[in-house]
1. Checking PRO56 against (1) part of a helix (DSSP H, G or I); (2) surrounded by 16 or more Cβ atoms within 10 Å (Cβ to Cβ); (3) in contact (Cβ under 8 Å) with a residue 60 or more places away in the chain, only one condition comes out false. Which one?
2. Quick one: GLY117 ticks every box in (1) part of a loop (DSSP other than H, G, I, E, B); (2) at pLDDT below 85 except a single one, so which number is it?
3. Has the stretch 96-119 got any residue that is acidic (Asp, Glu) and within 19 Å of ASN37 (Cβ to Cβ)?
4. Mind checking which residues of the stretch 14-29 are in contact (Cβ under 8 Å) with a residue 24 or more places away in the chain and either touching a Cys at 6+ places or on another chain (Cβ under 8 Å) or within 21 Å of GLY118 (Cβ to Cβ) (or both)?
5. Report every pair of residues separated by at least 6 positions or lying on different chains whose Cβ atoms are under 6 Å apart, first residue within the stretch 37-50 and without any contact (Cβ under 8 Å) to a residue 40 or more places away in the chain, second small (Gly, Ala, Ser).
6. Kindly provide the set of residues from the stretch 86-135 that are within 14 Å of PHE17 (Cα to Cα), surrounded by fewer than 19 Cβ atoms within 10 Å (Cβ to Cβ), touching a residue at least 40 places away in the same chain (Cβ under 8 Å) and more than 12 Å from the chain's Cα centre (by Cα), ordered by number.
7. Go through (1) within 17 Å of ALA145 (Cα to Cα); (2) surrounded by 20 or more Cβ atoms within 10 Å (Cβ to Cβ) one by one and return the number of the condition THR10 breaks.
Amino acid sequence: MAKTCELMPTPELESTFKGKVKNPHGADGESSVCTVNIGGLAIKLQTAAPGADGVPTSIPQGLVGFRMMLAEARQSPKKNTKDFGNVGCMSLTMTKGFDGTLLAKPLFTASCFMVEGGYLNMSVAGENRKQTGFDVLKGLLEKAAARREPSGNSQVKFR
């Protein structure tokens, strides 16, 4: 199982979303990813060591990158971003897949990330907008961050 799965705040996820975490799986590499399902939600946690290629080095940089990525993909979902200082969050409502076909139901997604101590990003996707709020997701991301070693090197050491 991916090392990042050890950072997944499973008890908090189950309490927040009122269900059991299922199907934890992921992959390790320069960036490590863990994905779980709970109810109708997919939740992904991603880590990368400080200075890793392809991850933002600041909250504003990550939020600008998000907007650019949507423009390049020719997506025009409703979007929202928020800079909390130590955490950046973004959300969108997708009505079309990345191939341009209409989705049967809108997919609500939200993602929050931090860069201090290494990149850490948590995303949630589902059909219920209320389950993808920034405040809830930011709190869950902070729980995952608290599981890292003080050095922030989540690729090597765990508590």
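1. Here PRO56 meets the rest and fails (1).
2. Result: GLY117 fails condition (2) only.
3. Looking for residues that are acidic (Asp, Glu) and within 19 Å of ASN37 (Cβ to Cβ), one finds none in the stretch 96-119, hence no.
4. Of everything in the stretch 14-29, those that are in contact (Cβ under 8 Å) with a residue 24 or more places away in the chain and either touching a Cys at 6+ places or on another chain (Cβ under 8 Å) or within 21 Å of GLY118 (Cβ to Cβ) (or both) turn out to be HIS25, GLY26, ALA27, ASP28.
5. Taking only residues 6 or more apart or on different chains, the pairs are ILE38/GLY19.
6. GLU127, ASN128
7. (2)
The values are calculated or read from the model by the stated rules, or taken from the named source; none is laboratory data. All of these numbers come straight from a predicted model, not from anything done at the bench. Neighbour counts run over all protein chains shown; Cβ positions are idealised from the backbone, glycine included.
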